[in-house]
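Note sheet for the following structure.
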Amino acid sequence: MPPAYDIVVAGAGPAGAAAARACAESGLSVLCIEEQGSIGYPVQCAGLLSLAAFDECAVSRRSIQNTVTGARVVSGAGHTLVIDAKIPKALVINRSMLDREMAEAAADAGTDFRLKTAVCGVVDNHVVTRGINGHEEFSFKILIAADGPRSTIARIYRMERAPVFLAGIQAEGKRDGDPRLVELYPDASPEFFGWVIPSGNGRVRVGLCGTELVPERFSAFVRRIGLRSDLHLVTGTIPLGVMPRTYGRHTLFIGDAAGFAKPTSGGGVYTGVRSACHAATVAIACCEHDTFSDMALAAYEWRWQADIGRELALGYRLFLMRQHLSAETIDQMILTMSDPGIIDEIVKYGDMDRPGKVAGILMKNPSLFRFFSPLLLSGIRSFL
C-alpha cells in the first residue's frame, strides 16, 4: 500500500507552503511535493509585496531588503506621475528567503516534504510522482494543486486554464534612483508594463512582461534605463484570469495554478496565500466530516469568490482595457492624473491588492471619465 496522507500539496511556493502549514496545524497528515531541489529557487518573482501580502505570509522580517513608499510612472514621451504616500506601502523582499521560511514553518507544523520530486500522474486518490527516489505513489483525501502556472495537475485533469499567460524577464544590477519609489514604464511593453524596483544598497530589479517580443523589449528597456552590471537574469510566466473551475475530483487549485495572479500588477503572493487559506479551511472541514464530493469542495470557490473574486474580475477587465490604450492615450492619462487632488485620492484610497475602490473613485472624476468610459459602457459599473 502506498503511504497515505490526509492532504497532499503539489508545490512548495508561498501558496503551497501556506496551505500545508494550515492543514498540518489542524492535526492532519500532510505531504508537500516540490520538483526543485531547493525551495525558493529558481526565483520567478519581482519580489515586491504589499504590507498586507507580507503579513499574510506569517514570517519574520528577515527577508525584507527595502521599503517602498510610492511609485513613479513614466510615459513614452517622458512625462512622469509621482505618487508618494511618504509612509511604507510595499516591501522589497528576498523571495528565496521568504519561500524557505514559509516552508520551514510548514515543516515545523508537521508537514513532510519530498524535494526533487514532480507529479506525473493522478489515479483515483493516488498521486504518482517521479524524482530522486524514483517513481512513488501517495494516497490522499484532498489534493491541493499549487504547482504553478504550468500546472501538471490541471493538464492531467484537462481543466480549462487561465485565458492569458504573460512571459516575463527580470535582471538585477546597479542604477541610481530614488530608493523609496518603484518606477513603472507602461510603454516598455504595450500589453503590460516595465518596472524598476529598488532592492537596496543602490541595486534595482528591472523587468517587464508581455505576450510577444519579450526578450527584444527587455534588452531595449535595460539600455533605456541604464542598468549597470546586470546579474541574476530570471524568467517566468504569469497567468491572468482565474480558471473557470478551481475544484473537483478531490482537488483544489490555488495560487498561480488556478490563475490567481493580480491582472493589474502580475503579483501573486497575496491572492495565492489568500486562496491557500480558503483551500485549507475547506480541506480541513472535508476531512473532519469525511466528505469529499464536488458539492463539498465547491465551498472553496464560494469562499475565494467572496474574498477576492470581484477584485480579480475587475482587474482582468482593466487588463483588457490596457490592450486598447495607445502610448499617446497613456501619456495624456499621466498628465491628467498629475493633478494634486487626484494624487491625494490615489494615496488615500490606493491598495496594491484591492484596486477596486480607487478605480471606482477615479472613474467618477470628470477629468478622467473620457479614459474610462469604454469600461463603464462594457458593464464594469456593476463591479464598482
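Computed values, structure above
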read-out	value
Residues of region 1-18 classified as out of contact with any helix residue (DSSP H, G or I) (no Cβ under 9 Å at 6 or more places or on another chain), over 11 Å from residue 111 (Cα atoms) and not in a loop (DSSP other than H, G, I, E, B), total	1
Residue match in region 217-224 (condition: of a type in the set (Lys, Arg), within 19 Å of the chain's Cα centre (by Cα) and open to solvent by 10 Å² or more (accessible area, probe 1.4 Å))	no
From the options 171, 188, 167, residue that is in contact (Cβ under 8 Å) with a residue 12 or more places away in the chain, surrounded by 15 or more Cβ atoms within 10 Å (Cβ to Cβ) and within 30 Å of residue 144 (Cα to Cα)	167
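The values are calculated or read from the model by the stated rules, or taken from the named source; none is laboratory data. What you are looking at is a predicted structure, and each value in this text was computed from that prediction instead of being measured. Note that we place each Cβ from the backbone using ideal geometry, even for glycine, and neighbour counts take in every protein chain shown. Remember, those area values only see protein heavy atoms, side chains included, never the ligands or the DNA or RNA. Shrake-Rupley method; radii C 1.70, N 1.55, O 1.52, S 1.80 Å.
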